[in-house]
1. Any chance you could check the Cα centroid distance between the stretch 122-181 and the stretch 182-208 for me, in angstrom?
2. Sort Asp199, Asp98 so the one with the fewest other Cβ atoms within 10 Å of its own Cβ comes first.
3. For the chain, list the DSSP H helices whose alpha carbon atoms reach 15 Å or more along the long axis and whose average Kyte-Doolittle value is 0.5 or above?
4. Give the percent of DSSP beta bridges with both residues in the chain that are antiparallel, rounded to the nearest 5.
5. Go through 164-175, 49-60 and give me the packing order, highest mean Cβ count within 10 Å leading.
6. Provide the gained length on full extension for the span Asn137 to Ser261, in nm with one decimal, where the gain is 0.36 nm per separating residue minus the Cα-Cα distance.
7. Starting from the exponent 0.38 and prefactor 2.2 Å, build the expected Rg for the stretch 231-271 from its residue count and divide its actual Cα Rg by it.
8. If you build the Cα gyration tensor of the stretch 113-166 and take the root of 5 times each eigenvalue, what three semi-axes come out, in whole angstrom, biggest first?
Amino acid sequence: MRRSMLFLPGNTPNMIINGDALGADSIILDLEDAVSPDEKDSARLLVRSAMQRMGFAGVEITVRINSIDTNYWQDDLDAIIPLKPDLIMPPKASCAEDIRTVDAYITKVEERCGITVGTVKLIPLIETALGVENAFNIATASPRVTALFLGGEDLTADLRCKRTKQGNEINYARTRLVCAARAAGIDVYDTPFTDVNDDEGIVTDAEYAKSLGFSGKSAIAPRHVKVINEVFSPSLKDIEYAKLVFEAIRLGKEQGKGAVSLRGKMIDKPIVERARQTLEIAKQLGIGGVE
């Protein structure tokens, strides 16, 4: 279950060593934007060492590599792929060919290391206008792609507009990515809320992202993780309603009814599907007494 994804700069050992104690479902060990050019090599070594020595129990490991238009990305993959991270995040993914390029190189490293080809998955970071427009092609470019990820900061720079806490400027990108990901049958993750001191703002932003259909949300501040996890977890009220939906269906079948209603509303296929999703998430999280 992946609700929250927390960025940890690859050059901050004090944060990385506590990665599995910060509450995030996934930690993103960042070799790109958070690391200056003169620290790329040392950050890569630090991340590699941490992955070798730290247990990171119960936490998914994602590594954001450098963009394929740099001289660093292949070195990143050479160092990281042998340790079998769960996900590689290629930044500034703008077209399907970008993904196929990364896919092909990962395949070479997996083969060289005796790792089953396809073990390491991809979560492309879409943060350009071209990437937004090509979102579905990116989502379907490789079987490795398991989710899309929206990067709001670089995107607004590319759009030549101001990044705001309200986020109106990225509404189109958000909905475009959600549609593309769902059409491809994969997950999709929202950009971080960057005001680390606005505790009300992160709640509003996370709830809005969930309302659009995002699978979860990223964070740059550990203090945002708890809120994100709560927002993207079903409430006990949601779980009880989902149980009632399936109970109503069971009773309807016993009584030979062709149509079933609950609280005066017909139970149609979308309601059943949402109830199923709610119970599946609750089961994964071990909440609400769902078995």
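Every number in this text was worked out from the coordinates using simple rules, so none of it is lab data. Because the structure is a prediction, the values reported are computed rather than measured. Glycine gets a Cβ as well: all are built from the backbone with ideal geometry, and neighbour counts include every protein chain shown.
1. Centre-to-centre (Cα) distance: 13 Å.
2. Working: Asp199 11, Asp98 22.
Taking fewest neighbouring Cβ atoms as first place, the list is Asp199, Asp98.
3. none
4. Within the chain, antiparallel bridges account for around 5 percent of the total.
5. So the order, starting with the most tightly packed, is 164-175, 49-60.
6. Between Asn137 and Ser261, full extension yields 40.6 nm more.
7. With N residues counted in the stretch 231-271, Rg over 2.2 N^0.38 Å equals 1.28.
8. Values: eigenvalues 166, 27, 13 Å².
Each semi-axis is √(5λ); the values are 29, 12, 8 Å.
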